[in-house]
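Structure, as C-alpha cells:
The values are calculated or read from the model by the stated rules, or taken from the named source; none is laboratory data. Treat the numbers as computed from the prediction; the structure is a model and nothing was measured. Cβ: placed from backbone, ideal geometry, glycine included. Neighbour counts: every protein chain shown. Note: accessible area is taken over every heavy atom of the protein model, side chains too, but ligands, DNA and RNA are not part of it. Shrake-Rupley method; radii C 1.70, N 1.55, O 1.52, S 1.80 Å.
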Amino acid sequence: MNLVFVMMKYLPYVINAVTAIEATLGPGNGASKKTLVLNAVQAAAKSGESVPDAHVQAISTLIDSTVATLNTTKLLGFGK
C-alpha cells in the first residue's frame, strides 16, 4: 500500500490519540506516551484484522511527526 495512503488513513487516529493522551498525561515521558498512542491507534484501526507491520512503522513515524508539529506550534499548550 502506498505510504501516503497509509498516513492519510491513520492520521485522524493519531491526532485524536496524541491530543487525548497529551491532555491526560501532560508533558514528559514521551516514550511511554508514544507506546500508548501506538496501541490506541492500532486498536481503533482494527476491524477484525491486524495492522500490518509496515503500517505500524509508518504509524510510528506519523506519531513522531505529529507530536513534533504540535509541540513546535504549541498547540498542546507546551513545547519547545
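For the chain, what is the charge dipole size about the Cα centre, in debye to the nearest 20, if Lys and Arg each add +1 at the Cβ and Asp and Glu each add -1 at the Cβ? Its charge dipole is roughly 200 debye.
Axis of helix 30-45 versus longest Cα principal axis of the chain: the two differ by about 40°, to the nearest ten degrees.
Helix 3-25 and the longest principal axis of the C-alpha atoms of the chain enclose an angle of approximately 40°.
Scaled to the compact-protein estimate 2.2 N^0.38 Å, what is the alpha-carbon radius of gyration of the chain, rounded to two decimal places? Mind dumping the intermediate values first?
Numbers: Rg = 12.4 Å, N = 80, 2.2 N^0.38 = 11.6 Å.
It is 1.07.
Inter-label distance, A20 to K46: 1.5 nm, where each label sits 7 Å from its Cα along the C-beta direction. Calculated accessible area for the chain comes out at 63 Å² per residue, all protein chains present (probe 1.4 Å; ligands, DNA, RNA ignored).
Here the range 9-72 has 57 percent of its accessible surface on carbon and sulfur atoms, given a 1.4 Å probe and all protein chains in place.
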